[in-house]
Amino acid sequence: MKQEITIIDIARKAGVSTATVSRVLNGTGSVREDTRKKVEEAVRELDYQPNIVAKNLSTARSNVIGVLVSDVRNPFYANIFVECEMYANEKGFSLLLYNFLDSESLERRCYDMLLARRVCAIVHIGGSVDRMDGNAEIVKKIGEISQRIPVVTSAPVEGTRSGCVQVDNEHCMKKLMEYLFELGHKRIALAGGNENVRSTYEKRRCYREMMERQGIGYGNYYIADSGTYNEQGGYLVMREIFQKDPLPTAVIAINDLVAVGVVHAIKEKGLEIGRDISVASFDNTYIAEMMEPELTSVGNDYRLAGRRIIDMIMGMMDGKECPEWEEMPVLLEERESCSGCFLKKN
């Protein structure tokens with residue numbers, strides 16, 4: 001039976017310390033080039049096989065891509081993950097998913113856990129990278145890690161070598177607002193979210209600008225901040241909107257989950273979606289198709305977005321010149337929850 005080769009054997013063969021061998025195999029720390037070559041030569045001669053099969057002897061990284069998402073229970077994140085996973089599998093890679101559940105401390109720990117698994121790249125969607133106030137510790141981590149392996153995020157992280165595949169939030173809002181304007185709506189409310197989240201901030205800013213271009217002054221449009229992105233938040237903000245006079249003729253929910261709560265509150269009032277109040281949303285997940293009536297929603301081409309994320313990682317691995325960021329393509333799905341406004345002259 002062949003004796004198992006360990007890093008002690010490699011260290012003896014190369015004439016270096018076990019700590020040096022570990023740094024070479026893990027791609028961490030500083031090692032002189034001639035020393036690195038000695039270790040790599042010893043690895044080859046001894047036919048050393050690490051527990052996780054390495055693609056690259058100098059880093060001993062796996063063919064596993066780590067993925068960090070805020071909460072995979074949100075179908076937006078689930079859709080992105082699944083499309084990345086299917087395409088990565090075609091390329092011979094697998095994905096390892098970590099949820100940090102909107103916890104910044106868990107978010108930082110997830111990075112450490114992924115590095116301990118010697119992932120070959122990291123995708124980070126949501127959380128600190130999408131917050132307007134940022135997080136200095138996360139930015140520092142991304143800066144350090146992106147020097148060694150590819151990192152792709154859902155929003156630009158300045159001062160790092162990370163790539164970015166992001167949603168064009170202003171384009172999404174313009175597409176939806178123009179659609180509602182064409183239907184005759186002017187009293188339009190925007191429900192849910194938190195202004196400290198970049199995507200929400202950008203959508204709200206675009207919403208205000210487009211309303212003002214239509215000559216609709218503040219007081220005739222409404223932004224209801226829930227601070228959350230779930231059904232309960234949508235229900236509560238819609239009840240807040242019902243205190244307004246006059247009522248909006250259309251409500252835009254910040255995502256499909258919030259739209260569920262919005263619709264619940266409207267139906268509770270005995271009003272009919274699409275006739276009394278039109279409702280539209282962002283993300284265009286399976287939730288939009290399951291609602292009654294089906295929900296008009298602006299979303300991403302998730303399949304293409306997943307491919308762009310993985311292609312960006314592959315390009316970074318190959319040392320190719322990659323764009324600093326790419327935008328996800330946007331699609332508007334018109335469904336039964338929106339109709340022409342009967343108050344076109346108001």
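The values are calculated or read from the model by the stated rules, or taken from the named source; none is laboratory data. The shown structure was predicted, so the numbers you read here are calculated from the model rather than taken from an experiment. Every residue, glycine as well, gets a Cβ built from its backbone with ideal geometry; the counts of neighbours run over all protein chains shown. Only protein heavy atoms, including side chains, enter the accessible area calculation; ligands, DNA and RNA are left aside. Shrake-Rupley method; radii C 1.70, N 1.55, O 1.52, S 1.80 Å.
If I go through the range 74-120 residue by residue, how many of them are within 24 Å of Met317 (Cβ to Cβ), assigned to a loop (DSSP other than H, G, I, E, B) and open to solvent by 60 Å² or more (accessible area, probe 1.4 Å)?
2
Got at least one residue in the range 182-198 being modelled with pLDDT of 95 or more, of a type in the set (A, V, I, L, M, F, W, C) and in a helix (DSSP H, G or I)?
no
Can you pull out every residue in the range 161-202 that is within 22 Å of Pro246 (Cβ to Cβ) and open to solvent by 60 Å² or more (accessible area, probe 1.4 Å)?
Glu182, Lys186
Pick from the range 226-281 the residues that are in a loop (DSSP other than H, G, I, E, B) and under 29 Å from the mean Cα position of the chain (by Cα): which of them is surrounded by the most Cβ atoms within 10 Å (Cβ to Cβ)?
Filtering the range 226-281 for residues that are in a loop (DSSP other than H, G, I, E, B) and under 29 Å from the mean Cα position of the chain (by Cα), the one surrounded by the most Cβ atoms within 10 Å (Cβ to Cβ) comes out as Ile254.
Checking Gly15 against (1) within 22 Å of Gln147 (Cβ to Cβ); (2) modelled with pLDDT of 85 or more, which single condition isn't satisfied?
Gly15 satisfies all of (1) within 22 Å of Gln147 (Cβ to Cβ); (2) modelled with pLDDT of 85 or more except (1).
Just wondering, is there one or more residues in the range 203-214 that are closer than 29 Å to Ile125 by Cβ, open to solvent by less than 40 Å² (accessible area, probe 1.4 Å) and within 18 Å of the chain's Cα centre (by Cα)?
Scanning the range 203-214, I find at least one residue that is closer than 29 Å to Ile125 by Cβ, open to solvent by less than 40 Å² (accessible area, probe 1.4 Å) and within 18 Å of the chain's Cα centre (by Cα), so the answer is yes.
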